Amino acid sequence: MRANFAIGMLAVAAALAGCGGSDKAEEEEPMKVEDTAFGPLVGTPKKVQDRTDAAAEQYRDSMNERLEEDEGGTPKKVEPSGD
């Protein structure tokens with residue numbers, strides 16, 4: 001009987017010890033992603049999208065120029081207005 005009481009008290013003591021509150025001042029703030037090993041990868045999707053868009057635009061421009069030349073005209077250069 002005494003062994004059961006001791007085991008019960010140990011279980012209660014362990015449960016109460018696990019319920020202790022933590023101080024917010026002691027917790028460290030999470031690291032910035034740029035400071036971790038994954039920092040260089042953060043901007044990679046944006047860089048890839050920009051390069052892909054630039055390549056597609058360059059390809060479109062060269063195709064438009066070729067089309068203009070094949071039709072016998074000269075490529076028209078559109079200058080933006082200074083409004």
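Every number here is computed from the coordinates shown, using simple stated rules; none is lab data. Just so you know, these numbers come straight off a predicted model, no measurement behind them. Cβ sites come from the backbone with ideal geometry, for glycine too, and all protein chains shown count toward neighbours.
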Problem - From phi via Karplus (6.51, -1.76, 1.60), per-residue ³J(HN,Hα) for the stretch 44-50 in Hz, x at Gly/Pro - result: 4, x, 5, 4, 5, 4, 4
Practice task
Set the Förster distance to 35 Å, then compute FRET efficiency between LEU41 and GLU68 from the Cβ-Cβ distance, nearest 0.05.
Solution key: 0.25
Completion exercise
In order over the stretch 6-18: 3J(HN,Hα) from phi, Karplus 6.51/-1.76/1.60, θ = phi - 60°, whole Hz, x for each Gly or Pro, gives 5, 5, x, 5, 5, 5, 5, 5, 5, 5, 5, 5, x
